[in-house]
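Have a look at the structure below, then the notes.
Each reported figure results from applying straightforward, stated rules to the coordinates on display, with no laboratory input. Since the structure is predicted, the reported quantities are computational estimates derived from the model, not experimental observations. All Cβ positions, glycine included, derive from the backbone under ideal geometry; neighbour counts span all protein chains shown.
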Amino acid sequence: MIRTKAQKQELVTTLATRLGRSATIYVTDFTGLSVAKLTQLRRRLRQTGTEFVVVKNTLARRALADAHMAGNAGGGLEQHLAGPTGLVLAGADPVAAAKVLADFAKEFEKPAIKAGLVDGKAVTPEQVKRLASLPSRMELLAQLGGTLQAPMAGFVGALNGLLMNVVGALEALNKGGRDSNGDSDEFEQGRHPRSHREHVGV
C-alpha cells in the first residue's frame, strides 16, 4: 500500500510515542515465521502487557530519532534494523517478554533476538536469554504471596532471598554488558499481516 508523506509521518510519530513509553525494547527478526505463528507470538506477548510491532526499518530509524533514542541514547538499536523487523515493546518488567521470546524460540526456532534496550542500557541476545531465566514480576509476587501466612522472620527471609537472587542476576547481566562489546513492511496497529512478506501498517 502506497502511503503519503503525511501518513508516514503519522506512523513515525505514533511509533516514537510507543518507543518513548517502553522501558524495554527488543529487536527481533521474524524471518521464517508464518502469519499464524506471528499471530500466536503476538497473542502470547500481549498476555504479558507487551506489544509486538512489525515495522519498516526506515520508519523505525526515524521514530528512534524522534524519540531521542538514536545512536548511544538508544543503545545503537538502529544498527540492528535490517531484514524483517519486529519490535517488542514492554513495560517495566523485561523478564516476562524475554521469557515469551525464549520459549517461543525453543518451540519454533524463531524469532531471532538481535538486540535490546532495558532501562536505557543496551543488552545482547545472550543477556536477553539470561533475563528469561529470572523470575518475572508476577512470579515473584506469587512466590511472596505464599509466605504471607508464615511468621514475619520467615517472610523477611524469603523476601531477602528472592531479591538477592534477582539482584545477583542483574549484576551479572550488567557485568556481561560491560565485558561484551532489507526492510520489512510498515508497522501495524491492531491488524495482522497478510503474509510474512506483506505486513501492512496502520
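Note the direction-averaged projected area, equal to a quarter of the hull surface, for the Cα convex hull of region 5-134, in nm². Walk me through the numbers on the way to the answer.
Values: hull surface 29.0 nm².
Across all orientations, region 5-134 yields a mean hull projection of 7.2 nm².
Order these peptides, 11-19, 86-94, by their mean beta-carbon neighbour count within 10 angstrom, highest first. Let's see the in-between values first.
On the way: 11-19: 19.7, 86-94: 21.4.
The densest-packed peptide leads the list: 86-94, 11-19.
Using only Cα atoms, what is the ratio of the radius of gyration of region 50-89 to 2.2 N^0.38 Å? Spell out each step's value before the answer.
Working: Rg = 9.6 Å, N = 40, 2.2 N^0.38 = 8.9 Å.
Here the answer is 1.07, to two decimals.
Under 23 Å Cα-Cα from residue 56, which lysines qualify once same-chain neighbours fewer than 8 residues away are excluded?
Straight-line reach from residue 56, under 23 Å: 5, 8, 37, 110, 114.
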